[in-house]
Structures are given as C-alpha cells and as structure tokens.
Amino acid sequence: YDGHHISLYVGDDMADFATALKSCMDAGVVWVNPKYEDKVTNLNTAKKWNQFRFKDILDLETGKQVFELEHEVRSVNHRGWTGLVRR
C-alpha cells in the first residue's frame, strides 16, 4: 500500500451511509489507517467522523482481494461535502 487514496460521498442521508458501512463490515474490509486519528471500527465512530475507510477490493464470487486502494467513504454530513445540498 503506497498511501494513495480516493474519497467518495455516499447516499442522500445517514441511513445510506450506515448501509454502506454495514456492507463493508459484512465483507470484512473496513480498515483503520494508522496515519489518521479517525479510528472507525463501528457505526458510532463512523457517525462521529462522518467517514470510514476500506482498501481491499474483493472479487464478489471468490472473496479474494483483486486490488488495493484506500477508499475514504464519507457521508454527506462530512465537512468536506461541497454538493449543492447539505443534509
């Protein structure tokens, strides 16, 4: 892992964000990057930071890692959201 990452904003509201986190947790890909202070391991800390991270891209059929790239998944309540509507 070389440190490159992307950020993306999920859904229309916190329920959509929670669903995305649950999907990643169920897949076992939620990741804590030790470089940052947002140590998200559950929904409560994800809501606190309005984001969570994962870096393993999995083959949905085999469950094997096919690529590694950190994704910073943010809710539309994140301070970095610059969309037309803030929820």
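The values are calculated or read from the model by the stated rules, or taken from the named source; none is laboratory data. Just so it is clear, the model here is predicted, and its values are computed rather than measured. Note that we place each Cβ from the backbone using ideal geometry, even for glycine, and neighbour counts take in every protein chain shown. Calculation scope for accessible area: heavy atoms of the full protein, side chains included, ligands and nucleic acids excluded. Shrake-Rupley method; radii C 1.70, N 1.55, O 1.52, S 1.80 Å.
Here are the numbers for this structure:
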quantity	calculated
From K39, K47, residue being open to solvent by 80 Å² or more (accessible area, probe 1.4 Å) and assigned to a loop (DSSP other than H, G, I, E, B)	K39
Check on E70, farther than 20 Å from D2 by Cβ, among the acidic types (D, E) and either open to solvent by 80 Å² or more (accessible area, probe 1.4 Å) or part of a strand (DSSP E or B) (or both)	no
Members of segment 54-67 that are free of Cβ contacts under 8 Å to residues at least 40 places away in the same chain and either in a loop (DSSP other than H, G, I, E, B) or not aromatic (F, W, Y) (or both)	D56, I57, L58, D59, L60, E61, T62, G63, K64, Q65, V66
Any hit, segment 14-23, residues being open to solvent by 80 Å² or more (accessible area, probe 1.4 Å), out of contact with any strand residue (DSSP E or B) (no Cβ under 8 Å at 6 or more places or on another chain) and not in a loop (DSSP other than H, G, I, E, B)	yes
